[in-house]
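Below: one structure, written as C-alpha cells.
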Amino acid sequence: MKQRFGTATAFTLVVGSMVGTGVFTSLGFQLAEFESGFVLMFLWVLGGICAFCGAVSYCELAAAIPRSGGEYAFLGRVFHPAVGFVAGWISFTVGFSAPAALMAMTFGAYLEASIGWIDPTTAGVGLLLVITALHAYSHQSSSALQVTFTFVKITLIVLFCIVAYLLVDVQQDVSFLPRHTDLSLVASGGFAVSLIYVNYAYAGWNTTTYVTEEFNQPTRTINKALMTGTATVLVLYVLLNGTFLSVAPVDAMKGKIEVGFVAASFAFGDVGAQLMSLMIALILVSTLSATILAGPRVLSRIGNDYPVLRWLAKTNRNKVPAVAILTQSALAILLILTGEFESILVLAGLLLGVSAFSTVCASIWMRIKHGKPVHYRMPFYPLPPIVFLIVTGWAIGYTFFERAVEAVFAATMILVGLSLYGLVYTINKRRLHQLQKSSTHER
C-alpha cells in the first residue's frame with residue numbers, strides 16, 4: 001500500500017487518540033474513591049510514565065516488525081497467530097469500537113448540556129456517521145480531518161485552563177501536596193481501579209503502530225510521534241485535572257460524567273459553561289476521528305492474513321479499507337444503543353490493559369530470542385518494560401477482584417476470540433485442502 005501519512009498526521013493520531021473521553025469523564029469516578037489532590041495528580045503522572053514505558057517498548061517492536069495492525073501483528077509474530085488473533089479481536093471490539101461508542105456518547109452528553117434540545121444518542125450516532133464517511137473516502141480527507149481537529153483540541157484545552165484560573169471567583173481549597181494518609185490511598189484497591197480509568201485515558205499512545213505501513217519512514221515517524229505525543233498529553237492531563245479540582249467543588253463532580261461542564265459552570269457561569277460544553281464536544285471530534293482512522297487497519301490486516309475474512313481487507317479506489325471502517329463503526333453504533341457508560345469504560349480499560357501487558361512482554365521475549373535489535377533500541381532497557389508490567393499488572397489484578405462482573409466479561413471476550421480463531425483456522429485449512437485436492441485432480 002502506498003505510504004501517504006506524514007509526521008504531522010502521526011503526532012495528531014497519538015494526541016487525538018489519547019485526549020478524549022477518559023480525561024473529561026473519569027475524574028468523577030475517581031473522586032468517588034478518594035478526594036486527595038495529590039493522589040489524583042499522582043494517578044495522572046503515573047499513567048503518563050506508564051504510557052512512556054509502553055511507548056518505547058512498542059517502538060522497538062514496530063521497528064523489528066514493520067507491519068500495520070499493532071498488537072495483532074506483534075503478538076502473532078512473537079508468540080503465536082492465535083495470540084495475535086485474540087489481540088486483534090480485542091482491538092476491534094473494545095480497543096476501538098467501544099472507545100468510539102464512549103466518545104460519541106460523551107460528545108452527545110456535552111452537546112446536550114450546551115444546547116439542551118439535542119438528543120445525545122442521535123448526536124453521537126450522527127457524528128460517528130459523518131466521520132466514518134470522511135475516513136472511508138481517502139487518505140487526504142482522513143489526514144485533513146485529524147490534523148485540523150487535533151490542533152483545535154490542543155488550543156481549546158490550553159485556553160480553557162488559562163481562562164478558568166483567571167475568571168473563577170473562588171478557588172477551591174484543594175492541596176496537591178502529599179499528606180500522611182495518601183500512602184494508604186495509593187495502596188488501595190480504589191487507586192488500582194482508578195488507574196484503569198487513567199490508563200484508558202492514556203490509551204492511544206500506540207495508535208501509530210496500527211497504521212505502520214502507511215507512514216513515510218515508519219520507524220522514525222512512529223518513534224517521534226509516540227514520544228512527543230505522549231509528553232504533550234501528560235502535560236495537558238495534569239493541567240486539565242488540576243484546573244477541574246481548583247475551580248469546582250469535589251461534591252459537584254463526584255460520580256458525574258460531564259466533569260468538564262461542571263467545572264466550567266463554576267468558572268464561567270451558566271452561559272460560559274454552555275459554550276465550554278460545546279468546545280469540549282468539538283475536542284472529542286479529533287479523538288473519535290483517530291479511532292475511526294486507526295482501528296479498521298487491524299481488521300484489514302486480519303482480512304489479508306485469513307482468506308475466509310478477505311472481505312474485511314477490501315479497499316476503495318483510493319486504497320482505503322472502507323469495508324473495515326464501516327464494520328467497526330457499525331459495532332460502535334450498536335454499543336451506543338445498548339451499552340452502559342461506566343461498564344464499557346471499565347471493560348475497555350481492563351482488556352486494553354491485558355493486551356498492552358502481553359505486547360510489552362513480547363518486547364522482552366523478542367530480546368531474549370533475538371538479542372539487541374538493529375533498527376531501534378529502547379532507552380534504559382529493561383527498566384521501561386518492567387515499570388510498565390508492574391504498574392499495569394497491579395491495576396489489572398486489583399480490577400479483576402474489585403469489578404468481578406467486568407472481569408468475567410473480559411475473560412469471556414478472550415475465550416470468544418480464541419474460539420473465533422479456531423473456527424477461522426479450521427475453515428481456512430479446509431479450503432486450502434480443497435484447493436490442493438482440486439489442483440491434484442486437474443493434473
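List of remarks:
- Of all residue pairs spaced 6 or more apart or on separate chains, those with beta-carbon atoms under 7 Å, a first member in region 209-234 that is among the aromatic types (Phe, Trp, Tyr) and a second member that is part of a helix (DSSP H, G or I) are 210/294; 210/297; 210/298; 215/10; 215/221; 215/222.
- Within region 302-320, considering residues that are basic (Lys, Arg), in a loop (DSSP other than H, G, I, E, B) and on the phi < 0 side of the Ramachandran plot, the one nearest to the chain's Cα centre (by Cα): 314
- Any chance residue 347 is in contact (Cβ under 8 Å) with a residue 60 or more places away in the chain, surrounded by fewer than 20 Cβ atoms within 10 Å (Cβ to Cβ) and among the aliphatic types (A, V, I, L, M): no
- Selection count where residues are touching a helix residue (DSSP H, G or I) at 6+ places or on another chain (Cβ under 8 Å) and either in contact (Cβ under 8 Å) with a residue 24 or more places away in the chain or within 21 Å of residue 145 (Cα to Cα) (or both), scope region 306-322: 10
- Residue that is modelled with the lowest pLDDT [pool: residues in region 199-211 that are in a helix (DSSP H, G or I) and among the polar types (S, T, N, Q)]: 199
- Checked against (1) under 30 Å from residue 316 (Cβ atoms); (2) at pLDDT below 85; (3) of a type outside the set (Phe, Trp, Tyr); (4) under 20 Å from the mean Cα position of the chain (by Cα), residue 338 passes all but a single condition, namely (4).
- Region 62-97, residues that are farther than 23 Å from residue 416 by Cβ and at pLDDT 90 or above: none
- All of 131, 162, 115 fail the test of being exposed (fewer than 15 other Cβ atoms within 10 Å of the Cβ) and modelled with pLDDT of 85 or more, apart from 162.
- Inter-residue pairs, beta-carbon under 6 Å, first over 23 Å from residue 14 (Cβ atoms) and among the basic types (Lys, Arg) and in region 178-207, second modelled with pLDDT of 80 or more and crowded, with 24+ Cβ neighbours inside 10 Å, 6+ apart: none
- Of all residues in region 359-390 being within 22 Å of residue 224 (Cβ to Cβ) and aromatic (Phe, Trp, Tyr), the one that is modelled with the lowest pLDDT: 376
- Of all residues in region 262-276, those that are touching a residue at least 12 places away in the same chain (Cβ under 8 Å) have Cβ atoms under 6 Å from Cβ atoms of residues that are β-branched (Val, Ile, Thr) and surrounded by 13 or more Cβ atoms within 10 Å (Cβ to Cβ), 6 or more apart or on another chain, in 263/247; 266/247; 267/168; 267/247.
- Consider region 12-43 and keep the residues that are of a type in the set (A, V, I, L, M, F, W, C) and part of a loop (DSSP other than H, G, I, E, B). The one that is surrounded by the most Cβ atoms within 10 Å (Cβ to Cβ) is 19.
- Residue that is farthest from the chain's Cα centre (by Cα) [pool: residues in region 377-425 that are more than 25 Å from residue 53 (Cα to Cα) and among the charged types (D, E, K, R)]: 402
- Of all the listed residues (88, 84, 95, 47), the sole one being closer than 21 Å to residue 410 by Cβ, crowded, with 23+ Cβ neighbours inside 10 Å and without any contact (Cβ under 8 Å) to a residue 60 or more places away in the chain is 84.
- Residue within region 280-293 that is free of Cβ contacts under 8 Å to residues at least 12 places away in the same chain and either more than 22 Å from residue 44 (Cα to Cα) or in a helix (DSSP H, G or I) (or both) present: no
- Failed item, numbered, when residue 196 is tested on (1) more than 18 Å from residue 54 (Cβ to Cβ); (2) among the hydrophobic types (A, V, I, L, M, F, W, C); (3) at pLDDT below 85: (1)
- Neighbours by Cβ (under 7 Å, 6+ apart or cross-chain): first from region 138-153, closer than 14 Å to residue 319 by Cβ; second modelled with pLDDT of 85 or more and part of a helix (DSSP H, G or I): 141/134; 142/134; 142/135; 142/293; 143/9
- Taken together, 236, 226 contain a single residue that is touching a Cys at 6+ places or on another chain (Cβ under 9 Å), within 25 Å of residue 102 (Cα to Cα) and surrounded by 24 or more Cβ atoms within 10 Å (Cβ to Cβ), which is 226.
- Per the listing 8, 73, 63, the residue uniquely touching a His at 6+ places or on another chain (Cβ under 9 Å), more than 29 Å from residue 257 (Cα to Cα) and part of a helix (DSSP H, G or I) is 63.
- The set of residues in region 76-92 that are assigned to a loop (DSSP other than H, G, I, E, B) and touching a helix residue (DSSP H, G or I) at 6+ places or on another chain (Cβ under 9 Å) contains only 79.
- Pick from region 244-255, criterion surrounded by fewer than 20 Cβ atoms within 10 Å (Cβ to Cβ) and touching a Gly at 6+ places or on another chain (Cβ under 7 Å), ranking: farthest from residue 29 (Cα to Cα): 254
- Hey, residue 54 modelled with pLDDT of 85 or more, small (Gly, Ala, Ser) and either assigned to a helix (DSSP H, G or I) or crowded, with 24+ Cβ neighbours inside 10 Å (or both) or not: yes
The values are calculated or read from the model by the stated rules, or taken from the named source; none is laboratory data. The model shown is predicted, which means the values in this text are computed figures rather than measured ones. Here the Cβ is made from the backbone with ideal geometry for all residues, glycine too, and neighbour counts use every protein chain on show.
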